[in-house]
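Participant: The structure is given below, and queries will be raised subsequently.
Here, each number is a calculation from the coordinates, and none is a lab measurement. Quick caveat: nothing in here was measured; it's all calculated off a predicted structure. Note: ideal-geometry Cβ built from the backbone for every residue, glycine included; neighbour counts use all protein chains shown.
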Amino acid sequence: MPRGVYQHKKGYKRLPFTEEHKRKIKLARAKQVFTEETRLKMSQNNANFWLGKKHPHSKETIEKIVKANKKNGVLDYFKKHKFIGENHGLWKGNKVGYDALHSWLYREMGQPDTCEFCGKTGLKGKSIHWANKSRKYKRNLNDWLRLCAKCHYTYDRK
Ligand SMILES: [Zn+2]
């Protein structure tokens, strides 16, 4: 490096944020708010799930519990109480639930590459799926089938 390149570091003062930078900060914050909201929704679901009751806590109570736990560094108080038994259903559209279930399947079964319907082998990635027999997304290996994309499509429309 030629001399003088780092000169500005002496007594360096942060330049005021550019408009672009400000926009980015705003965006990041907005994103955070959305995440919090989503997390709360999930917490509510998980709380109901965990207690096996329909509405064990009011929204305010849940917010309080989540907030209090967060203060103590517990970010997923309700999340970790999920999936205690194997017959808990998985409500539709909860990505966290799906991911947890799929990582469980992966741990238990690995990633078989054969379709149990048409017998096609060597399937991987998006060309082979886990299909759920009961549609209740049980934590029961007998409730799951390894199907190629095509058979899965047909299977789900039976
Ligand atoms: Zn198939």
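Participant: Given a Förster radius of 35 Å and the C-beta distance between Ala68 and Tyr98 as r, what FRET efficiency does 1/(1 + (r/R0)^6) yield to the nearest 0.05?
Facilitator: Between Ala68 and Tyr98 the formula returns 0.80.
Participant: Follow-up. Please go through the range 110-139 and write out the trypsin sites (Lys or Arg not before Pro) that DSSP classes as loop and that have at most 11 other C-beta atoms within 10 Å.
Facilitator: Here the sparse-neighbourhood loop sites are Lys124.
Participant: Hey, rough spin-label estimate for Thr61 and Asp156, points 7 angstrom out along Cα→Cβ, what's it come to in nanometres?
Facilitator: 3.7
Participant: Continuing with the same structure: From the cross-link list Lys71/Lys95; Lys95/Lys133; Lys67/Lys133, which pairs have alpha carbons spaced over 27 Å apart?
Facilitator: Lys67/Lys133
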